[in-house]
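Down below is the structure, laid out as structure tokens.
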Amino acid sequence: MKTILLSGNTALSYAVKQLDVDVVSAYPITPQTTMVEKLSEYVANGELNAEFIPVESEHSALSSVLGASAAGARVFTSTSSQGLLLMHEIMFIAAGLRLPVVMGVADRAVSAPINIWNDHSDIMAQRDSGWICFFAESAQESYDRTIQAYRIAEDENVHLPVNLNFDGFILTHTYEPVTTLDDDMVLKYAPKKRRRLVLDPSTPMTFGGLGSPEYYFEAKYQAIKALENSLKTIIEADKEYERISGRGYGLYKAYMTDDADTILVSLGSVGGSIRGVVKRMRRDGLKVGALSLKLFRPFPAKELVEALSKTNSVVVLDKASSPGAIGGPLFLEIQASLKSFDVNVPVMDIIAGLGGREIGPDDIRVMFNKGLKVAAEKKVDKILDFVGVYL
Amino acid sequence: MPYKTLKDLSLKEYFGPGHRLCQGCGAGIIARLVTKVAGDNTIIVNATGCVEVATTFYPDTAWGLPYIHVAFENSAAVASGVRAAYNSMVRKGIVDKNPNVIVLAGDGGTADIGLQSLSGALERGDHILYICYDNEAYMNTGIQRSSATPYGAWTTTSPPGKLSPGQKTGKKDLVGIAVAHGVKYAATATVAYLLDAANKIEKALNTPGATFMHFLSPCTPGWRIDTANSIKVSRLAVQTALWPLYEVVDGQYITTVKVPKRLPVTEYLKLQGRFRHLINKPEEVAKIQAYADKLAEKFGYGPIST
Amino acid sequence: MPKKVSEMEEGFVMTTPRSSMQTKTGSWRTFKPVIDYSKCISCAICWSYCPEPAIFLKDDKYTVDYEYCKGCGICAAECPVKAITMVREGE
């Protein structure tokens, strides 16, 4: 194990190199570019024995890794924002064909207006595509999850694509010391094996046929259940990773939630800022807590409900919107989960940080105060609120 | 080894029967021929289209070779991925043989929605053979025009009317586009001339880098022709110079099937219902004839003799 | 025949090559090709142009497989010695 100074982008690239990926295909888009640059550099100087396909679009990036994965190769691609939207069509096919593709997503706002900064609009638009979907809070976590992702995606009980989300610029471009595993440890933890169902002339098989109404539903059901069932493998992979590296992340990171009057739930890098504010507000005697969710798909509803069932109010921080809906995408999940498990905690949604709008400590304090008010009044005045927008 | 007679073609079938392509479908003939020439060590990548829906109707696959269909516009990219996977896996000793990787895509999947990913694969020079089976419209969705539909043809979205002769534009020059990417081998073909096509497929597979074939493929319902006339119409396309057969080797255009005595385009048009509305429009037929004359000049086809 | 989820391969991959052969497309046919072997010169033209394929070389003879022949008539139209006749089914 050695510690190296890496950004989110280069941490992923480093993990991909150690994972001995066979085919990398990616198209540059801010803020993912330095990841592609690093990978092409590794391939060019022989540090990574892989084919790098410099495709002409993100659509082709994902399409080509699907082809490579179907042929049995270990593959990687990455993108962001508009690029991810361009991949949208193929994302569903990756899951439907049960291909263990791994993709880094440098989360970024989507047009219009065009904006290169962070929020989660890009990945939330892929919500129902059937992928396993992780969120990271640091470069270290991005690195660790990348290694976990291959073990999970390629597990015989899973065989599904995985996307690794890490916030654009905030994580992609910020350097931090990252403790890495030795190469042999990485491959021992996530060993390469040839799948039974691959494109190989010695065993001719047909991938991607037509599913008529007589068969489509069963094929779809199979992929839906595979995603649902992957939770078990995800938990085990994380435990095993923790055993070998000392670092595990679980499904969420809860901070001072046990006695909290209100809990602020978030995804991604903002979790650290929130915990900082919790610490300060606790000093003032305010019983606030934070929960940073690490896994968005499969949505760990049961586990999350347990973590939120004892509090008096829940505030969801959505860094994406679902225009016309009652709240943002994360809010909808959490509200539905709580109600489905008969937990009647009042929940409100706050949309903040769109297009890279900074979420500062004062904004977080505003969110907690709203949550404390809901807890005290035992009712939600405003189901959806916006923080940080100039009205 | 060049194919000299039909008996040089492999007796082994890698495709069908039992598929759901229409009676007399040109694409079925192409799929059979391509797989026979390519042989066992081959992976097929197919774009969404007639061939895909008619040959992979779950749980029936017509394919005796590894086959993948992902979507409509990306078959070249998928093929690049398959090739890259095998390059990498052969190098690492995971597998021992690098197979042929062949794309089969229709004219919509090639000239229209798939042109971008095709351009990418051709420009990168990925070692794949991309075959466009061109039936000159979106036949799978019910005969809508594409950029490969010939001038004057009726389709459901290029209907002739008071203000329109039918399709208002000519065919996109796909071989020209491929050649502009610097591919080392590109060619035209059609089902009437199977040996010409077989030799081209073999040459293409043996040429390093990306190669391209534009294969005219009669569509019996879409062209409004008798199901028995697929080959006849395909042959007339060549003999009228509307579909000259040539190859482009390292940028050099070479005519592969010579036609010393050409037939007038009316011989081709009159067999097809899609051109029926042009019968009493000599000015429109003249435009099509002028197009054929231009091609005849370019590829050294002879004068019209009736 | 419907398949249960458990009877499907992962990703609905089809693992039996040319399983389409279980679909007997001969039922599409209105006219059937009949080969007159007294005229047949075994040139392989009918065989090479068949889109199905439904013509096979059996004991050195090109033979129509009526289980699959859709009756398009290409073989009869292209036969250089007119050895193939299209006959209406049932006649």
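The values are calculated or read from the model by the stated rules, or taken from the named source; none is laboratory data. Quick caveat: nothing in here was measured; it's all calculated off a predicted structure. Neighbour counts run over all protein chains shown; Cβ positions are idealised from the backbone, glycine included.
Couple of notes before you dig in:
- Qualifying residue in segment C:22-39 (condition: surrounded by 15 or more Cβ atoms within 10 Å (Cβ to Cβ), without any contact (Cβ under 8 Å) to a residue 40 or more places away in the chain and closer than 22 Å to residue B:20 by Cα): yes
- The set of residues from segment C:70-83 being crowded, with 24+ Cβ neighbours inside 10 Å and more than 8 Å from chain B (Cβ to nearest Cβ) comprises just one member, C:75.
- Filtered residues of segment A:76-104 (kept if more than 7 Å from every other protein chain (Cβ to nearest Cβ) and in contact with an Asp or Glu (Cβ under 7 Å, 6 or more places away or on another chain)): A:79, A:80, A:81, A:83, A:84, A:85, A:86, A:87, A:100
- Being surrounded by fewer than 22 Cβ atoms within 10 Å (Cβ to Cβ) and facing chain A (nearest Cβ under 7 Å) is true of residue B:41.
Residue-wise test of (1) free of Cβ contacts under 8 Å to residues at least 12 places away in the same chain; (2) over 20 Å from residue B:224 (Cβ atoms).
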residue: B:273; (1), (2): no, no
residue: B:282; (1), (2): yes, yes
residue: B:286; (1), (2): yes, yes
residue: B:289; (1), (2): no, yes
residue: B:293; (1), (2): no, yes
residue: B:296; (1), (2): no, yes
residue: B:299; (1), (2): no, yes
residue: B:305; (1), (2): no, yes
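- Of all residues in segment B:48-98 being touching a residue at least 12 places away in the same chain (Cβ under 8 Å) and aromatic (Phe, Trp, Tyr), the one that is farthest from the other protein chains (Cβ to nearest Cβ): B:72
- Scope segment A:178-193; condition surrounded by fewer than 19 Cβ atoms within 10 Å (Cβ to Cβ) and away from chain B (no Cβ under 14 Å); matching residues: A:179, A:182, A:183, A:184, A:185, A:188
- Consider segment C:51-69 and keep the residues that are among the hydrophobic types (A, V, I, L, M, F, W, C) and in contact with a Lys or Arg (Cβ under 8 Å, 6 or more places away or on another chain). The one that is surrounded by the most Cβ atoms within 10 Å (Cβ to Cβ) is C:54.
- Enumeration of residues in segment A:36-66 that are small (Gly, Ala, Ser) and touching a residue at least 40 places away in the same chain (Cβ under 8 Å): A:64
- Selection count where residues are at pLDDT 95 or above and over 23 Å from the mean Cα position of the chain (by Cα), scope segment B:265-289: 10
- Considering the conditions (1) without any contact (Cβ under 8 Å) to a residue 12 or more places away in the chain; (2) within 14 Å of another protein chain (Cβ to nearest Cβ); (3) more than 22 Å from the chain's Cα centre (by Cα), residue A:243 is excluded by exactly one of them, (2).
- Annotation note: Cβ proximity below 7 Å between a residue of segment B:100-125 that is closer than 22 Å to residue B:53 by Cβ and a residue that is at pLDDT below 95 (sequence gap 6+ or interchain) occurs for no pair.
- Lone qualifier among A:168, A:104, A:130 - being in contact with a helix residue (DSSP H, G or I) (Cβ under 9 Å, 6 or more places away or on another chain), surrounded by fewer than 24 Cβ atoms within 10 Å (Cβ to Cβ) and at pLDDT 95 or above: A:130
- Scanning segment B:1-56 for residues that are in a loop (DSSP other than H, G, I, E, B) and among the polar types (S, T, N, Q) yields a total of 6.
- The set of residues from segment A:110-133 being farther than 21 Å from residue A:350 by Cα and not in a loop (DSSP other than H, G, I, E, B) comprises A:132, A:133.
- Residues that are surrounded by fewer than 21 Cβ atoms within 10 Å (Cβ to Cβ) and on the phi < 0 side of the Ramachandran plot, drawn from segment A:282-297: A:282, A:283, A:284, A:286, A:287
- Within segment A:43-65, the set of residues being in a helix (DSSP H, G or I) and facing another protein chain (nearest Cβ under 7 Å) comprises A:59, A:60, A:63, A:64, A:65.
- Just so you know, in segment A:200-223 the residues that are surrounded by fewer than 14 Cβ atoms within 10 Å (Cβ to Cβ) and assigned to a helix (DSSP H, G or I) include one that is farthest from the other protein chains (Cβ to nearest Cβ), and it is A:217.
- Among the conditions (1) outside any loop (DSSP other than H, G, I, E, B); (2) touching a Ser or Thr at 6+ places or on another chain (Cβ under 8 Å), residue A:93 misses just one, which is (2).
- Scanning segment B:122-144 for residues being over 11 Å from residue B:214 (Cα atoms), touching a Lys or Arg at 6+ places or on another chain (Cβ under 9 Å) and buried (at least 24 other Cβ atoms within 10 Å of the Cβ) gives a total of 5.
- Residue list for segment C:40-60, filter: touching a residue at least 12 places away in the same chain (Cβ under 8 Å), more than 7 Å from every other protein chain (Cβ to nearest Cβ) and of a type in the set (Asp, Glu): C:60
- Within segment B:217-259, the residues that satisfy the criterion of being farther than 27 Å from residue B:276 by Cβ, polar (S, T, N, Q) and touching a helix residue (DSSP H, G or I) at 6+ places or on another chain (Cβ under 7 Å) are B:255, B:256.
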